[in-house]
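Please read the structure below before turning to the comments.
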Amino acid sequence: MPAPSTVCSFAKVNLGLRIGPPRPDGYHDLSTLYQTIALHDEVTVEAEVASVTSITLSSNDPRLPTDSRNTVHRMVSAALDTMGVAASVRVRLQKNLPVQGGLGAGSANAAAALLGLLRQLAPVGTLTGAQQLALAERIGSDVPLFLIGGTVYGHDRGQRVQPYPDLPAMPCVIVAPGVGSSTPQAFRAWDAHVASLSPAATQSRLEELCRLYAAAAVAGGRGVGNSQSPDDLGGPFSADRAADSLSALVGAGLNNDFESVVFEQHPFLRDSKRALTGEGSVPAEQQAILAMLSGSGSSLFGLYRTWDDAKAAQARAQPLRGLALLTETLPRAAYWRALFAQQGS
Ligand code: C5P
């Protein structure tokens, strides 16, 4: 029996997010740029082939369901079905990330559990990359991005993902305010908020952001999706141009549509955002390159040019509500290197 596989389940932030009109299937089209960050939970998987499948999930957070309401449980069950393998599986979740925080923690846990399960069951149980992505999108719109990592363009309902030219590691501060934000509720609030706009108007805002992302990708020196060589796809921006490209995106109107409705619901988030940004308190060159709500919140993030700027932002945000955590963005190669790094398994 192999040693248990411990997988780092890294979080994400959204570098901009725009929402389209509601769809007949209950989802919304959206356009976003996901970015993985170094903050993580740990998912430890032990599995062996058995005559009957059993899945046991445990966690250090007693509030988390450990049955099929948990994305990890659903992922393991669906993966075994797809492989056509019965197995005895034990998963231990070490939760550090906020639940319902907009950092994709539950989705990341599901992706990490899949990768741990595959490692445990190889070579009996295997899945192609396409099968893994198909499973991921069944479990949740934010799961597939974690099978790519780094900077990832997401569209359709967020589950259609492609590697974007990778931004290099940047200092990042996360504010986790300690209140959960329900994604379906935030989408409903957004629908009420834009009820006066025509579907065509919301659709064109979506497409505008998509064009902005594509323009920045080209400015970074690499095309997205039209590359002849897989090695070219998602290669890094040069370090200098990354901050420039991000600044250009910000200047061109990078925003998160959820902010208007989630800030209305939790007005104190505006103060945290101001603290992260540094506007009015530090010179422009020390302010955040980008600070905004992540996903449907309630976590906020700020990205900085230097660690000193990030530490100063953390110090500004710390006295306010919630936790202010110092971390960094995690480019694709670093993401994959660190995924199984906990124990060389
Ligand atoms: O895909 P996921 O299960 O994470 O989505 C949770 C809920 O969030 C959906 O049932 C839907 O209400 C809402 N949602 C949406 N549009 C999206 C993604 C999620 O309306 N693009």
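The values are calculated or read from the model by the stated rules, or taken from the named source; none is laboratory data. It should be emphasised that the depicted structure is a prediction, and the values quoted were computed from it without experimental measurement. Cβ: placed from backbone, ideal geometry, glycine included. Neighbour counts: every protein chain shown. SASA here: full protein model, heavy atoms, side chains in, ligands and nucleic acids out. Shrake-Rupley method; radii C 1.70, N 1.55, O 1.52, S 1.80 Å.
Does residue 82 fit the bill of being closer than 29 Å to residue 169 by Cα, in contact (Cβ under 8 Å) with a residue 40 or more places away in the chain and either open to solvent by less than 40 Å² (accessible area, probe 1.4 Å) or away from the ligand (no atom under 16 Å from the Cβ) (or both)?
No: the conditions fail for residue 82.
I'd like to know if the stretch 53-72 contains one or more residues that are assigned to a helix (DSSP H, G or I), of a type outside the set (Phe, Trp, Tyr) and not assigned by TED's automatic domain parsing to the domain that holds residue 249.
yes
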Given (1) over 15 Å from residue 146 (Cβ atoms); (2) open to solvent by less than 30 Å² (accessible area, probe 1.4 Å), index of the condition residue 105 fails: (1)
Qualifying residue in the stretch 92-101 (condition: at pLDDT below 95, within 13 Å of the ligand (Cβ to nearest atom) and either open to solvent by less than 30 Å² (accessible area, probe 1.4 Å) or of a type outside the set (A, V, I, L, M) (or both)): yes
Residue in the stretch 124-133 that is outside any loop (DSSP other than H, G, I, E, B), within 16 Å of the ligand (Cβ to nearest atom) and open to solvent by 50 Å² or more (accessible area, probe 1.4 Å) present: yes
Scan of the stretch 140-156 for residues that are closer than 12 Å to residue 104 by Cβ, touching a Lys or Arg at 6+ places or on another chain (Cβ under 8 Å) and either in a loop (DSSP other than H, G, I, E, B) or open to solvent by 10 Å² or more (accessible area, probe 1.4 Å) (or both), ordered by number: 141, 142, 149
Candidate set from the stretch 263-283 (those that are at pLDDT 95 or above and within 25 Å of residue 212 (Cβ to Cβ)); member that is most open to solvent (accessible area, probe 1.4 Å): 274
Condition met for residue 295 (surrounded by fewer than 24 Cβ atoms within 10 Å (Cβ to Cβ) and at positive phi): no
Any pair with Cβ under 7 angstrom, 6 or more apart, that starts in the stretch 9-34 at a residue that is touching a residue at least 40 places away in the same chain (Cβ under 8 Å) and open to solvent by 10 Å² or more (accessible area, probe 1.4 Å) and ends at one that is within 9 Å of the ligand (Cβ to nearest atom) and of a type in the set (Phe, Trp, Tyr): 28/187
Leading residue by the ranking (farthest from the ligand (Cβ to nearest atom)) among those in the stretch 14-40 that are among the hydrophobic types (A, V, I, L, M, F, W, C) and within 20 Å of residue 113 (Cα to Cα): 38
Of the criteria (1) touching a residue at least 60 places away in the same chain (Cβ under 8 Å); (2) assigned to a helix (DSSP H, G or I), which one residue 315 fails: (1)
Of residues in the stretch 298-320 being crowded, with 16+ Cβ neighbours inside 10 Å and of a type in the set (Lys, Arg), the one modelled with the highest pLDDT: 316
